[in-house]
Amino acid sequence: MSRTTFAPAAAGDHASPSPSAVPPEGDGLVMADFSAFDEADRAAVYRAIATRRDVRGEFRPDPIEPAVLRRLLEAAHRAPSVGFMQPWNFLVLRDPAVRARLHDAFLEAREREAALFPDDRAAIHRRLKLEGLREAPVVVVVTCDRDRAGPVVLGRSADPATDLYSCVCAVQNLWLAARAEGIGVGWVSILDKERVRAVLGIPEAIEIVACLCLGRVDAAFASPELEQRGWRRRLSLDDLVFEEAWGQRAADDQGTTRAWTTATSSA
């Protein structure tokens, strides 16, 4: 199979069908080849997943090239969304003064969160570097316009939160694309959304989903920082997978849960 390259459409353009698309049958819909990636491409995808990290204090000040940032946003924009509503917007922040105001909001929220933990954990919490709002050259705030497709959205009626889940898929797309580009990403979740709304002028009807710090890094933690610092350990996948009913383990322990181990070890 020949290797393909992601080529984002220019602003305002629509992506054209793949040259390998098969002729439509009956209803005129266009289909495209959906073969497995070749071994190198497949390994690269799993490597991006396995080595993705939440970056906080390792950012270099170098600006992100406009073409690279565009590719990351295009990757985010290609995320799946309920009813194809594409409810996201991306606020790109470079102004140090704006980012400093977000950092002030973070400091207040961090202290409130630290106070919720027992004293020993609170002390660790306060020592952790939990954001890169001033160090990262770019901050991207991802929002959700829950009215973008009107009051009734295909697929959303049974679970109204699926539009928010869609925006989180966009975050993950951006994060994995950033890993492939050598760009670190850190999600700043300790923020008062109303403070962020006031700083950035975000309308009340728009939901704030994520505040992401982006920038190049020389190195990242070999495994998640919180795991290395003893805050939490990675759970075993074997304990999290059930078959056919809640709590029911697979009879063959060489099956479902072993596939990921094999794929990542060869990546």
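Close amide H partners of residue 209, meaning residues 5 or more places away or on another chain with modelled amide H under 5 Å apart, are 142, 143, 144. The modelled label-to-label distance between residue 98 and residue 124, using points 7 Å beyond Cα along the C-beta direction, is 3.6 nm. Across segment 121-134, computed HN-Hα scalar couplings (Karplus, 6.51 cos²θ - 1.76 cosθ + 1.60, θ = phi - 60°) run 6, 4, 5, 5, 3, 5, 7, 6, 8, 10, 6, x, 4, 8 Hz from first to last residue, x flagging Gly and Pro.
For segment 185-195, the Karplus equation 6.51 cos²θ - 1.76 cosθ + 1.60, evaluated at θ = phi - 60°, returns couplings of 10, x, 8, 8, 9, 8, 8, 7, 4, 5, 5 Hz by residue, with Gly and Pro reported as x. Here the gap between residue 84 and residue 236, fully extended at 0.36 nm per residue and compared with their Cα-Cα distance, gives a gain of 51.3 nm. Take 233-243, 214-224, 46-56, 139-149 and order them by the average number of nearby Cβ atoms within 10 Å per residue, most first; the result is 139-149, 46-56, 214-224, 233-243.
Residues whose amide H lies under 5 Å from that of residue 192, counting only those 5 or more places away or on a different chain, are 109; hydrogens are built 1.01 Å from N in the peptide plane.
Rounded to whole numbers, the Karplus 3J(HN,Hα) couplings from phi for segment 43-53 are 5, 5, 4, 5, 5, 4, 5, 6, 10, 4, 9 Hz, using 6.51 cos²θ - 1.76 cosθ + 1.60 with θ = phi - 60°, and x at Gly and Pro. Here the simple spin-label model places points 7 Å from the Cα toward Cβ, and for residue 228 and residue 51 these points are separated by 1.5 nm. Once the Cβ-Cβ distance of residue 157 and residue 67 is raised to the sixth power relative to R0 = 41 Å, the FRET efficiency obtained is 0.55.
Please give the Cα centre distance for segment 62-112 versus segment 161-177, rounded to the nearest Å. Rounded to whole Å, the Cα centres lie 12 Å apart. The H on the amide N of residue 184, modeled in the peptide plane, is under 5 Å from the matching H of 215, 216, 217, each at least 5 residues off or on a different chain.
Read the figures in this text as sums done on the coordinates, not as results from a lab. What you are looking at is a predicted structure, and each value in this text was computed from that prediction instead of being measured. Positions of Cβ are generated from backbone atoms using ideal geometry, with glycine treated the same way; all protein chains shown enter the neighbour counts.
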